[in-house]
Structures are given as C-alpha cells and as structure tokens.
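As structure tokens, the structure follows; a few thoughts come after it.
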Amino acid sequence: MAPIIKLQNITKVYQMGAEEVHALRGVTVEIQKNEYVAIMGPSGSGKSTLMNVIGCLDTPTSGLYELNATNVSDMNDNQLAKIRNKEIGFVFQTFNLLARSDVLHNVELPLIYGGVGSVERKQLARDAITRVGLGDRLHHKPNELSGGQRQRVAVARALVTNPSILLADEPTGNLDSKTGIEIMALFDTLHREGNTIILVTHEEDIAAHAHRKIRIRDGKVEHDELNRQRTIAEGSVAAA
Amino acid sequence: MSSTLRFYLDEIREGLAISFRAIASNKMRSALTTLGIIIGIVSVTLMGTAIEGLNRAFNKSIAALGSDVLYVQKWPWGGGQDWWTIRNRRDIRIEQAKAIERQSELASSVSPIIGTIANMHYNRRVLENGVVVGTGAEFLQTSAVNIAYGRFFTEGEADGGRPVCVIGTDISENLFPNENPLGKVIKVGTNAFRVIGVLEKQGNFLGMQSLDDRVYVPINRFFKEFISFRGGIDIWVKASSRENMDETKEEIRGIMRKARHLAPAQADDFAINQQDMLIQTFNAIGSVIAAVGLLITGLALFVGGIGIMNIMFVSVTERTREIGVRKAIGAPRRTILLQFLLESAALCLLGGIIGVIIAFPLSLIIDQVLPTAMPISVVAVALLVSIFVGVVSGLLPAYRASRLDPVEALRYE
C-alpha cells in the first residue's frame, strides 16, 4: 500500500538577514496509514520546520513531498490551503480556538472553508464534538471551558473533516499532567479507530504513546525506530 | 453551480458574523473610528440637501418665467458682452412692441413692460418701495401668473390709459388687511388708481426679489403719470408653441432690427432672452457650487476613511494569530481578504447609517431657511459611498492579512 506521507530528501533553507539557516538537510521519511508516529528532537533541531512541511503550512526548498499520493512540494498558497483543509487536522499546543465563537462554530469552521452545506456541517460538527466527549458543551465559549476541554474542542475541529493525518504539536504542553494523560488517551482511542497520528513533542512520556519515534537533530533524521513496548503491548491486547 | 453559490453565501455570512463580533467586542474603538465616517456622511448628505434646496428654489423661481416666452431687452442674460457697449444701446421703445404685435405671425401674445419704484398708500396705510409695472392687456398670457379675484384690465382700458390697477398679494395684505380691495382707490406715488383685480401669490424670484409687491397699471397711464422715469421698456413675447421658439425668435429679431433701422452689417443692439439661458447659467454656477461643496465635505469622508484604514491595520495585527489558525485549517486567501473587507465595509456602513440618521433632523433645520428635503437619492448615494469608502480603506489591510504566512502568523504572540 502506498504510504500516506512520503518525504524524499527534503531540505528547507531560511534566509535570516544575511545568514542562511539550513533547518532541514535532507529528510527522507515514509509514514503509512494508521501509523502513530512521534517526531522528537530538541529545540532548533528542525522538528518544527518538519512539522510545518508535513502540515503543508510551508513548502520545502528542495525534495519531494507526496501526501496521499499527491505531490504537494510545489503547490501555491491557495492549493495548500485546500490540502490542509481536506487532508490535515491540526492540534496546537495553545489550542488556538477562536475566542469569540462557541464550541460548535469552532468545530464547524473547517467545514465552512471546505464548502460543506449548513445542515450537513452542523451534523458533522456535533458528531465530532460528541466523539471527544463534549456533546453537552456545544454553545460554550472557549473561556468557559477548562484547558483539557479546550484541547478536546481542538481535536474535534481537527477530526471533523475526516483528514488523512492528525498533526499534533505538543498537544499536552499547556496542560497539567492529569489532563495531559486524558488527552493522550483520546489520541490512543482515535488511533485505534483508524486515524493516522503524528505527534510532535520533546517529552519522552508523551512520545511513549506512539508506535514509532522519529528523532530529528540538526535537520536530519537521527533515529527512526518502532516503539517495541507499545507495539508488543498492543499486540498482546489484540491477542487477548 | 448552486453548491458554489451556497459556498460563497456561507463565506459572506461567516465574514459578516465575524465582522459584527469584532465590531461589537471593540465597541469604544469602533465608535471612535466610525465617528470620522459619521461626520463625513453627515456633511456630505447635508451638502447634498442644500444643493437640492438651491435647485428647488431656482426651479420654483424659473417657473415665473414661461418656458415659451421670449424677453426682448437691452441687457442679455448671462452677460458676456462689453458692459459699456450694452450700456450705450438705444432704449427699446413702445413703438417696437407695437411693431411686433402688428407684424409677428408666430407670437401669440405680446406685453410691453416697464417698471419703477413707488410708495403705495391707502387711507393711512403705506407700503414703501413697491414696484409699479406698466404693461398691456395681454400681461397675464405672457407671464405665469393668474388672477386670484377681480379681473385684469382690458385692451380698451390699456389703450385708453385708464387709472385702474391690478395688485399683488403683498400689497393687498398690507393695504387691505380687513377689506376687499376691489373698487378701492389707492395712491401709487402721488397718482390715484382704482383696484380692479388681485393676483395670485408668486413668491420670490431667485430668493431675492418679491414678485408680490407689485402694482400693474396700463402702460399708457404709466407713461403719463411717471414721466420723471426715463428709460426703455422690455417686451415679453409668448410664442404660439414651444416647438417653434427658434423660428419665433428669428422672426422677432427681424422685426426688431427693422423697427430699430439697423443696417444689415450692424450687430443687434438688443437682446432676446429666454428661460433656457438662465437655466444654462444656473446649471453652470450650480454645478461649480455642487462640485466645490461636495469636494470639501468629501474631504471629511476621506479623513474618516483614513481612520478606518488605520484601525483595520490594527485589527489585522491584533488578530494575526487568528488569521494563522484560519489559514491552517484551510481558509484560502480570498476568504481572509473578504473577511476584512466585509468588516471594514460593515464598519463604514454603520457609520453611514448613523450619519444619515443624524443628518435627517439637521436637514429639517436647513428646510426652515431654504425649502428642501433630503433626497432619497442622496441617502442611497451616502450609503453606497460609505460602503465604497469601507472597501477602499479596508483593501490594503485586508490584502496584508490575506498574504500572511501561516507559519509566521501562528507563531505571533
């Protein structure tokens, strides 16, 4: 089966004043459907840049990026916006909900940009909100919710378009550890339901939820390994 | 097709909802910014209303001049020629009016007109500085005025120079507040005239000169009684129809030239004026007044627009992160552009509506001085202009917002 993400020799060079910054120096990675991947690395390693490229927020300087068998390396702004809308669900560290809109509207937003009609849109948004366990909070504003609930709304917003990948950038970074565990449990569930999840994190215990860890250092893949514990554990659960 | 239409409608609805939330959540700032637009719209609409008032006043006055009447005079309307040359022209004489009456085939009625200032007396009542007009029996046909009651003098009375007069409403109101003036004898200057008719109210001419403080007497009587007054007459000629005004004018010109013994090479030493000339002159002056007035008041609107642009830049900067989020979840550039344009247009439209609401009672005050009403077209234009100002002012900030790099925008604190 074709990989859902295929990165080939990706580089990214920034111009910082007179200086050139090589954020990515040839990254080659393939991610299959329904994988649960953690991208790890210290700050300045290039992991954020890699996430931006995978999330189609940024285009690589060179190299090939195929998302769902579509070459997105050379797309323009508007084409990328469409791809992000259809294929990618973002979950950010700081939730990034629209403060003035209620939960329902926040979750509806990607569907509005996707051109989904009002009735269908509301139904899909309600379903997604129910999936993250906030079915009774449809008309709350973000500031009326706890941090964990806000992140659940963000997850619902990411899920609502049924994207190819869920891309979570330090999703527990702004949460206390108990709430963080709840959110990670939610990701685990979503993975079991067949979603492809990419976590960007520097925390080992968060990365431990993933089945595969990709370590980035100095703009290159330093390490790409399966999380044995995790796969074995899941295997045993499946066997039992 | 219908799904794309629905998509755009959804996008506009979403944009409007965002705009109103943004405006409502920054009430003070929105109010202050909108103030510029409000002031601009108030001044533009009031200027429009005043111009409308000027036009109305002019049209009302111009109605006193018949559109099918030619005015044979020494002075041309609208000017243009050398003042001294015209000053030195020979006066127009009553004989020339008689010549037109006799010879013209296209004229339906002809009135010689001459006037002077005199005080009017009845018993102990006085009206100072009224106007005495000497004219012929066809005066009513050549002017746009009607008899209110009584009658105008007959041809017999006119030719015979009988001491009879027809008075304007100002005179009847001043000299006969509680009496029927018909049959009474008034003194015009030192001469006695019997009142045989009262004219309908006419109002002012171009807002300056009252047409109702006049006494009309037979011109032959006028020449007898007001001998101290020297000067030529005017001749008012009503054409038989509006369609052959030009032919009538040519005919009158020929008769006048002959009556004044002009050689073929000599230029006309008289003018044949008509309503159109005043309209043209007024239109020329009126459009300059309108242009200058709207330009000056438009400046207020322009300044208001700059205020809107400024606040839209602030709004874009403040919401950089929000723009980043929207882009991340798939908003194309067009959507972001539309969102801020709508916000800016909504802000200005709000200002426009408030401006019109404020301007309306003020226009009623103008109405006291210069009869007018705020034209619905001015209201419509004011609202369209405010939307236009909003779109233009919002264009640059909205464009900047739409071009934001999502990565940068998401990182913005």
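No lab work stands behind these numbers, since they all come straight from the coordinates. Note that this is a predicted model, so its numbers are computed, not measured. Backbone-built Cβ (ideal geometry, glycine too); neighbour counts: all protein chains shown.
A:ALA99 versus B:ILE279, label points 7 Å from Cα toward the beta carbon: distance in nm?
Each label point is offset 7 Å from its Cα along the Cβ direction, giving 6.3 nm.
Taking the square root of 5 times each eigenvalue of the Cα gyration tensor, what semi-axes in Å does the equivalent ellipsoid of the stretch B:254-413 have, largest first?
Listed largest to smallest, the semi-axes of the stretch B:254-413 are 58, 19, 11 Å.
If amide hydrogens are placed 1.01 Å from N in the peptide plane, which non-local residues have theirs closer than 5 Å to the one on B:VAL164?
Close amide H contacts, sequence-distant or interchain: B:ARG194.
Calculate the FRET efficiency for B:ALA291 and B:PHE360 from the Cβ-Cβ distance with a Förster distance of 25 Å, rounded to the nearest 0.05.
Efficiency, from the Cβ-Cβ distance: 0.55.
Under a crude label model (7 Å from the Cα following the beta-carbon direction), how far is B:TYR149 from B:SER67 in nanometres?
3.3 nm
So for the protein assembly as shown: antiparallel DSSP bridges make up what percent, rounded to the nearest 5? Could you put the intermediate results ahead of the total?
On the way: 59 of 86 bridges.
Among the beta bridges of the protein assembly as shown, antiparallel pairing accounts for roughly 70 percent.
Quick one: grab the alpha carbon gyration tensor of the stretch A:1-82, order the square roots of its eigenvalues as a ≥ b ≥ c, and give me rounded if a/c is under 1.5, else prolate or oblate depending on whether a/b is larger than b/c.
It is oblate, given that a/c is not under 1.5 and a/b is not larger than b/c.
State the three equivalent ellipsoid semi-axes of the protein assembly as shown, derived from the C-alpha gyration tensor as the square roots of 5 times its eigenvalues, in descending order and whole Å. Working shown, then result.
On the way: eigenvalues 1700, 126, 69 Å².
With the √(5λ) rule applied to the protein assembly as shown, the semi-axes are 92, 25, 19 Å.
Once you list every other residue whose beta carbon is under 9 Å from the beta carbon of A:GLY46, what net charge do they have if Lys and Arg are +1 and Asp and Glu are -1?
+4
Order by neighbour count: A:GLU66, B:GLU52, fewest other Cβ atoms within 10 Å first, most last.
By the 10 Å Cβ count, ascending: A:GLU66, B:GLU52.
Beyond 24 Å, how much of the Cα-Cα pair distribution for chain A remains, as a whole percent?
On the way: 13235 of 28680 pairs.
So the pairs more than 24 Å apart make up 46 percent of the total in chain A.
How large is ³J(HN,Hα), in whole Hz, for each residue of the stretch B:176-187 in order, when computed from phi with the Karplus curve 6.51 cos²θ - 1.76 cosθ + 1.60 and θ = phi - 60°, using x for Gly and Pro?
Listing the rounded values in order: 10, x, 10, 10, 7, x, 4, x, 7, 9, 10, 9 Hz.
Could you tell me what % of all Cα pairs in the stretch A:103-215 have separations over 22 Å?
Above the 22 Å cut-off, the stretch A:103-215 has 32 percent of its Cα pairs.
How many angstrom lie between the C-alpha centres of the stretch B:179-195 and the stretch B:91-113?
Each part reduced to its Cα centre gives a spacing of 29 Å.
For a Förster distance of 45 Å, can you work out the FRET efficiency between the beta-carbons of B:ARG411 and B:PHE302, rounded to the nearest 0.05?
Working from the Cβ atoms, E equals 0.80.
Pull up all non-local amide H partners of A:VAL200: gap of 5 or more, or a different chain, and H-to-H distance under 5 Å with H placed in the peptide plane.
A:ILE39, A:ALA168, A:ASP169, A:GLU170
What list do you get for A:ILE165, A:ILE5 if you sort them by fewest beta carbons within 10 Å? Don't jump to the answer; show the numbers that get you there.
Numbers: A:ILE165 24, A:ILE5 21.
Taking fewest neighbouring Cβ atoms as first place, the list is A:ILE5, A:ILE165.
Distances over 14 Å make up what percent of all Cα-Cα pairs in the stretch B:322-401?
Numbers: 2125 of 3160 pairs.
Value for the stretch B:322-401 (Cα pairs over 14 Å): 67 percent.
Which ³J(HN,Hα) values, rounded to whole Hz and listed in residue order, are derived for the stretch A:78-93 from phi using the Karplus coefficients 6.51, -1.76 and 1.60 in 6.51 cos²θ - 1.76 cosθ + 1.60 with θ = phi - 60°, glycine and proline given as x?
3J(HN,Hα) across the stretch A:78-93, in whole Hz: 6, 5, 5, 4, 5, 4, 4, 4, 8, 9, 10, x, 8, 10, 9, 4.
Counting other Cβ atoms within 10 Å, which GluC sites (Glu not before Pro) in the stretch B:72-169 have at most 13 and lie in a DSSP loop?
Filter output for the stretch B:72-169: B:GLU105.
With point charges of +1 on the Cβ of Lys and Arg and -1 on the Cβ of Asp and Glu, referenced to the Cα centre of the protein assembly as shown, which listed residue (B:GLN266, A:ILE10, A:LEU190) lies farthest in the positive direction of the dipole?
About the Cα centre, the residue reaching furthest to the positive side is B:GLN266.
Can you run phi through the Karplus equation (6.51, -1.76, 1.60; θ = phi - 60°) for the stretch B:245-257 and list ³J(HN,Hα) in whole Hz, with x for Gly and Pro?
After applying 6.51 cos²θ - 1.76 cosθ + 1.60, I find 4, 5, 5, 4, 4, 4, 4, 4, 4, x, 4, 4, 4 Hz.
Take the alpha carbon atoms of chain B, find their radius of gyration, then divide it by 2.2 N^0.38 Å using N residues; give the quotient.
Output field value: 1.51.
Taking H placed 1.01 Å from N in the peptide plane, check which residues at least 5 places from A:GLY26 or on another chain put their amide H under 5 Å from its amide H.
The answer is A:ILE10, A:THR11, A:LYS12.
Taking chain B as a Gaussian network, Cα atoms linked when under 10 Å apart, which of B:ALA263, B:ALA144, B:ALA158 shows the biggest mean-square fluctuation?
Looking only at B:ALA263, B:ALA144, B:ALA158, the largest GNM fluctuation is found for B:ALA263.
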